[in-house]
Amino acid sequence: MLAIIGGTGLTQLGNLEISHRQIARTPYGEPSGALTFGKIGPQEVVFMARHGYGHTIPPHLVNYRANIHALAKVAQATHIVSVASVGGIRADLAPGMLVVPHQIIDYTWGRQMSFHDGIDHQVVHIDFTHPYDEPLRQQVIAAGAAAGEAIVDGAVYAVSQGPRLETAAEIDRFARDGADIVGMTGMPEAALAREVGCPYAALAVVANWAAGRGDSQTMIRFSGIEAVLHEAMGRVRKLLGFISAGSI
C-alpha cells in the first residue's frame with residue numbers, strides 16, 4: 001500500500017480511482033482528514049491532504065503524529081511519498097522544478113516530534129543519518145525519467161517553522177548552513193515515519209524563489225505562486241502515476 005501525502009496545491013488526486021474514505025482515530029488525536037483509499041492504475045493507494053482537504057491547517061499546527069500513525073498503522077501503508085511545496089534557495093532550483101531531497105536541516109520548534117515522549121515511555125532513539133529512504137528516493141527519480149519529467153536528484157531541505165515566510169537574512173543563513181530549498185512541513189513528518197519503520201521519501205515542488213533570491217529580492221509575490229503550483233501539480237500527478245506503476 002502506497003501512501004501519498006499531498007501538500008499545498010495537492011489536496012486531491014484526479015487520477016485516483018477512489019474506492020472509499022475512512023475516518024481514522026489515533027492515540028495522538030485527529031489527523032488532517034479522512035483517509036482516501038483507491039487505485040492509481042493497478043497500485044493500491046491511500047491519500048491524505050496534509051493541510052486538510054480545504055487547506056485550513058497551517059504547517060505548525062499539522063498533527064504530524066496523527067497523520068503518520070493513521071497512514072502506517074490504520075491504513076497499513078508500506079511506503080510514504082510526501083509532496084511538498086518549497087522555496088528555491090540554490091541558484092539552479094527555479095520555480096516549477098521538481099526536486100527529490102536527500103537531506104534535512106530542521107529549524108522548527110515546539111512541534112510534537114516523537115511518538116515516544118511521554119513520561120511513562122521508554123526513551124527511544126532512531127538513526128537519522130539519512131532521513132529519506134534511498135530505494136524509495138530512487139523509485140521516485142526513476143518514475144520521473146519514465147514520465148519524461150526532469151527531476152533534480154538531491155537537495156538539502158531546510159524546514160522552517162512557519163506559517164510566515166522567511167526573511168532574506170534567514171535564507172542567507174540557511175544557504176550558509178548548506179540548504180538548497182526551504183519549506184515548512186518536512187519535519188517532524190520524516191522522523192515520525194522513521195520511528196514507525198515506514199520508508200519515506202519527499203517530492204518537492206519549487207513554488208517560488210526564497211526571500212532575497214531571484215524575483216523575490218524585495219518581496220515574495222503570492223500571485224505568481226498559484227500559477228506555478230497549478231502547472232507543476234499536473235506534472236506531479238502524472239509522476240505519481242508512474243511511481244504507482246513501479247514495484248512498491
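No lab work stands behind these numbers, since they all come straight from the coordinates. Everything quoted here is computed from the prediction, not taken from an experiment. All Cβ positions, even for glycine, are placed from backbone atoms using ideal geometry, and neighbour counts span all protein chains on display.
Extension gain, residue 39-residue 78: 0.36 nm per intervening residue step, less the Cα-Cα distance, totals 12.6 nm. Annotation for residue 138 and residue 230: the two label points, set 7 Å from Cα along the Cα-Cβ direction, are 3.9 nm apart.
Annotation: extensible slack from residue 222 through residue 56 equals 58.0 nm (criterion: 0.36 nm per residue apart, minus Cα-Cα distance).
Between 192, 103, 147, the Cα set farthest toward the positive side of the dipole of the stretch 96-215 (charges on each charged residue's Cβ, about the Cα centre) is that of 147.
At full extension, residue 117 and residue 92 could sit 5.0 nm farther apart than now, given 0.36 nm per residue minus the alpha carbon distance.
Judged by the mean number of other Cβ atoms found within 10 Å, the most tightly packed of the peptides 69-76, 211-218, 29-36 leads the ranking 69-76, 29-36, 211-218.
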